[in-house]
Amino acid sequence: MNDDVVAAVASAHRRDWAQVLATTVRLTRNLDLAEECTQDAYAQALRVWPESGVPERPGAWLSRVARNRALDVVRRETRLRRMLPLLVVDATTAGPGDDPGGDDRLRLIFTCCHPALGREAQVALTLRLVCGLSTAEVARAFLMREPAMAARITRAKRKIAAARIPYRVPAADQLGERVGAVLQVVHLIFTTGHTAPAGPALVRRDLTDGAVDLARLLRLLMPGDADVGALLALLLLNEARADGRRGPDGRLLLLCDQDRSRWDAGLIAEGSALLTQALRRRPLSRYAVEAAIAAVHAEAPSWERTDWTEIAGLYTVLGRMWPGSPVVALNRAVAIGMRDGPQAGLTALAPLLDEPALATYGYLSAARADFLRRLGRRAEAETAYAEALALTGNEVERDFLARRLDDVRAAGR
Amino acid sequence: MIPTEGNDLMAKYMLLIYGDAAQWEAMTPDERAAHDARHAAFREAAGPRVAGGEELEFAPNATTLRAGVTGEPITTDGPFLETKEALGEYYLVEAADLDEVLRLAALLPEVHASHSAVEIRPVVFHG
C-alpha cells in the first residue's frame with residue numbers, strides 16, 4: 001500500500017478521531033455503534049484513498065462516511081433500538097463555529113469522565129473513545145490483559161446507558177467538579193506514559209501525546225478556565241524535556257545527568273507563557289504550582305545551578321494546597337538540602353523517616369544516601385543506597401543507584 | 001433526522017437514603033427542624049418529579065423472610081443485611097438524566113452528614 005496514504009490515515013486518526021466519533025455519537029446515541037461506524041470509516045479510507053487520493057479535508061470525509069454508515073444501521077434497526085437505552089442527547093444540534101459548549105468532542109470527554117464512573121473506567125474510556133487507542137493498547141498501558149480491559153470498557157458503557165449519564169457539557173453549577181475530574185484523567189494519562197512503571201519502553205509516547213493533545217483541545221474549547229491552562233503548561237514543560245530524558249543508548253537519564261541543550265525550547269516558551277497567565281489567577285491552581293516547579297527546572301542552566309530557593313518555596317506552597325502529602329514534603333526536603341547543604345537536607349528529611357506512606361519509597365532512601373555521601377558519612381550512605389536499591393524497580397534508576405553504591409564502597413577502601 | 005425513540009421519556013430513579021439510625025435519633029430539635037426543612041426544599045425543587053417517597057421505621061423493626069434449609073420461607077427478626085448504616089428513607093423520582101437527579105439529590109440533608117449517603121439506582125425500563 002501507498003506509504004503516503006497510510007501516513008495520511010494515521011495522521012487523520014490522531015487529529016480527527018475524536019471529532020468523527022463525537023459527531024457520530026450524537027446521531028447513533030449509542031457509543032458502541034458510533035465506535036464501529038468510526039472504525040469502518042477509517043478502514044474505508046485505507047481502501048479508497050489509494051485510488052481516489054487523500055481528500056482535501058480528511059476529517060470531513062471520515063465524518064461523512066461514518067455518518068452514512070450510522071444512518072443505514074439506525075434505519076434498519078429502529079424497532080430493535082426502541083428497546084435499547086439510548087444515550088441522553090440534548091435536542092440542540094450545534095455544529096462547528098458555535099459556542100464551545102456545543103462542541104461534540106467536549107461532550108464526549110465530559111461523558112467519559114463523568115464522576116458516576118470510577119477513575120479507572122474514566123481513563124480507559126477516554127483513551128479508547130477520545131484518543132482512539134485500541135482496547136489492546138489501553139490494556140498494555142495499564143499492564144492489564146486485553147479481555148479484562150475490554151470488560152472494563154463494556155461495563156462503563158453499559159452504565160452510561162443504564163444510568164443515563166448525559167452526552168452533554170455540564171451546566172455552570174456542575175462544571176467545576178466535572179472539569180476537575182477531566183483534568184485529573186488527562187494528568188493521570190500523561191504521568192502513566194511519562195514514568196512507565198514497567199516494560200522495556202520507559203516512555204509511552206501514545207499516552208503522553210494523547211494527554212498533550214487532550215489538554216490542547218481542552219484549552220482551545222475552554223480558553224477561560226484557569227486550571228485547564230495550568231495543566232497544559234505543566235504537560236508542555238514536562239514534554240519539553242522528553243528528548244533529553246533519553247541518553248545516546250536510548251536509556252532514561254535522570255534530571256541531573258540530562259543534556260539540557262536537547263530540551264525543546266519552543267515547548268518551554270509555550271509552557272512558560274501559559275504558566276505566566278495561570279499564576280495570575282486566583283485561587284491558584286495546583287497544576288500552576290507544579291508547572292512553576294517544572295519551569296524552574298526547565299529554565300535552569302544545570303542541576304547544581306537550579307534556583308533551589310524558588311523550588312523549596314514552591315513545594316511549601318504545594319504542601320499547603322495538598323496538606324499531608326509525604327511526597328511533596330520529601331521533594332521540599334531535597335530542595336532545602338540542595339539550597340542549604342547536605343546537613344540541612346538530612347535534618348529536613350528526618351521527620352519523614354517515620355512516615356508509613358514512605359516506608360517502601362525508594363526515593364526517600366536515595367535522597368538520604370546522597371546527602372550522607374556528600375557529608376562523607378560513607379558507611380551510612382552505603383546502607384542507605386543498598387536500601388534504595390532494594391526498593392527500586394525501574395532498571396535505569398537501579399543502574400544509577402548501583403553505580404553510586406560502588407563509588408561509595410570504593411572510596412571507603 | 002432520527003425519529004424520537006420510545007424510551008426518550010423521563011426515566012425513573014430510586015434514591016435510597018442510608019445512614020446510622022443512632023445519629024438520626026440523636027438529632028436535637030433544632031437539627032431535626034433543619035433536616036426536615038432540607039427535605040421540604042428537595043420536594044419543592046423536585047415538584048411533580050417526585051413519584052413517591054417515605055421515611056422508614058428503623059432497621060431493628062424490620063422483618064425478613066428468606067428460604068430455610070428446606071426451601072420453605074422462614075421469618076426472621078431484623079433487616080436483610082445487619083449493618084450499622086441502614087436504609088432509612090427513599091424517594092422515587094423521574095428525571096431526564098443522571099445529572100438532573102444528582103442536582104436534586106444534592107439538596108438532601110443526608111448527603112451533607114458524615115454518617116449517611118444517598119444511593120441513586122436507575123429503575124429498569126420495561127417499555
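The values are calculated or read from the model by the stated rules, or taken from the named source; none is laboratory data. Since the model is a prediction, treat every value here as computed from it, not as a measurement. A quick note on method: Cβ atoms are made from the backbone with ideal geometry, for glycine too, and the neighbour counts reach across all protein chains shown.
Please specify each residue of the range A:384-395 satisfying the condition of being surrounded by fewer than 15 Cβ atoms within 10 Å (Cβ to Cβ), touching a helix residue (DSSP H, G or I) at 6+ places or on another chain (Cβ under 9 Å) and either part of a helix (DSSP H, G or I) or of a type in the set (A, V, I, L, M, F, W, C) (or both).
Step one: list which residues in the range A:384-395 are surrounded by fewer than 15 Cβ atoms within 10 Å (Cβ to Cβ), which gives A:390, A:393, A:395.
When the remaining residues are screened for being touching a helix residue (DSSP H, G or I) at 6+ places or on another chain (Cβ under 9 Å), the result is A:390, A:393.
The answer is A:390, and nothing else.
The condition of being of a type in the set (Lys, Arg), in contact (Cβ under 8 Å) with a residue 40 or more places away in the chain and surrounded by fewer than 16 Cβ atoms within 10 Å (Cβ to Cβ) holds for only one of A:241, A:216, A:245, A:281, that being A:281.
Residue-wise test of (1) touching a strand residue (DSSP E or B) at 6+ places or on another chain (Cβ under 7 Å); (2) more than 14 Å from chain B (Cβ to nearest Cβ); (3) closer than 15 Å to residue A:31 by Cα; (4) aromatic (Phe, Trp, Tyr).
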site: A:115; (1), (2), (3), (4): no, no, no, no
site: A:119; (1), (2), (3), (4): no, yes, no, no
site: A:124; (1), (2), (3), (4): no, yes, yes, no
site: A:127; (1), (2), (3), (4): no, yes, yes, no
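Using the structure shown, decide if residue B:45 is within 14 Å of chain A (Cβ to nearest Cβ) and touching a Lys or Arg at 6+ places or on another chain (Cβ under 9 Å). Here the answer is yes, as residue B:45 does meet what is asked. In the range A:43-66, of all residues being in contact with a Phe, Trp or Tyr (Cβ under 8 Å, 6 or more places away or on another chain) and buried (at least 20 other Cβ atoms within 10 Å of the Cβ), the one that is farthest from residue A:4 (Cα to Cα) corresponds to A:62. Residue B:39 meets the conditions (1) more than 14 Å from chain A (Cβ to nearest Cβ); (2) over 13 Å from the mean Cα position of the chain (by Cα); (3) touching a residue at least 60 places away in the same chain (Cβ under 8 Å) in every case but one. The failed one is (2).
How many residues are touching a Phe, Trp or Tyr at 6+ places or on another chain (Cβ under 9 Å) and either surrounded by 11 or more Cβ atoms within 10 Å (Cβ to Cβ) or of a type in the set (D, E, K, R) (or both) when one looks only at the range B:47-88?
Pass one, the range B:47-88, residues touching a Phe, Trp or Tyr at 6+ places or on another chain (Cβ under 9 Å): B:50-56, B:58, B:62, B:64, B:66, B:83, B:85-88.
Then drop every residue that is not either surrounded by 11 or more Cβ atoms within 10 Å (Cβ to Cβ) or of a type in the set (D, E, K, R) (or both), which leaves B:50-51, B:53-56, B:58, B:62, B:64, B:66, B:83, B:85-88.
The total comes to 15.
When A:345, A:393, A:362 are screened for being small (Gly, Ala, Ser) and touching a residue at least 60 places away in the same chain (Cβ under 8 Å), only A:393 passes. Annotation: residue A:133 fulfils all but one of (1) at pLDDT below 95; (2) surrounded by fewer than 18 Cβ atoms within 10 Å (Cβ to Cβ); the unmet one is (2). Those residues that are touching a residue at least 40 places away in the same chain (Cβ under 8 Å), within 14 Å of residue A:231 (Cα to Cα) and among the aliphatic types (A, V, I, L, M), I need them from the range A:284-307; list them, please. If the condition is that a residue be touching a residue at least 40 places away in the same chain (Cβ under 8 Å), within 14 Å of residue A:231 (Cα to Cα) and among the aliphatic types (A, V, I, L, M), then A:288, A:291, A:294, A:295 are the ones that fit.
Residue A:23 meets each of the listed conditions (1) within 24 Å of residue A:209 (Cα to Cα); (2) in a loop (DSSP other than H, G, I, E, B) apart from (2).
Which residue out of A:163, A:151, A:172 is in contact with a helix residue (DSSP H, G or I) (Cβ under 7 Å, 6 or more places away or on another chain) and aliphatic (A, V, I, L, M)? Lay out the reasoning, then the answer.
Values: A:151 fails: in contact with a helix residue (DSSP H, G or I) (Cβ under 7 Å, 6 or more places away or on another chain); A:172 fails: in contact with a helix residue (DSSP H, G or I) (Cβ under 7 Å, 6 or more places away or on another chain).
On inspection, the qualifying residue turns out to be A:163.
Report yes if residue A:95 is more than 11 Å from chain B (Cβ to nearest Cβ), in a helix (DSSP H, G or I) and at pLDDT below 90, otherwise no. Considered against the rule, which asks whether it is more than 11 Å from chain B (Cβ to nearest Cβ), in a helix (DSSP H, G or I) and at pLDDT below 90, residue A:95 comes out as no. Only one of the numbered conditions (1) within 14 Å of chain A (Cβ to nearest Cβ); (2) part of a helix (DSSP H, G or I) is violated by residue B:13, and that is (2).
Counting the residues of the range B:104-117 that are buried (at least 16 other Cβ atoms within 10 Å of the Cβ) and within 13 Å of chain A (Cβ to nearest Cβ) gives 3.
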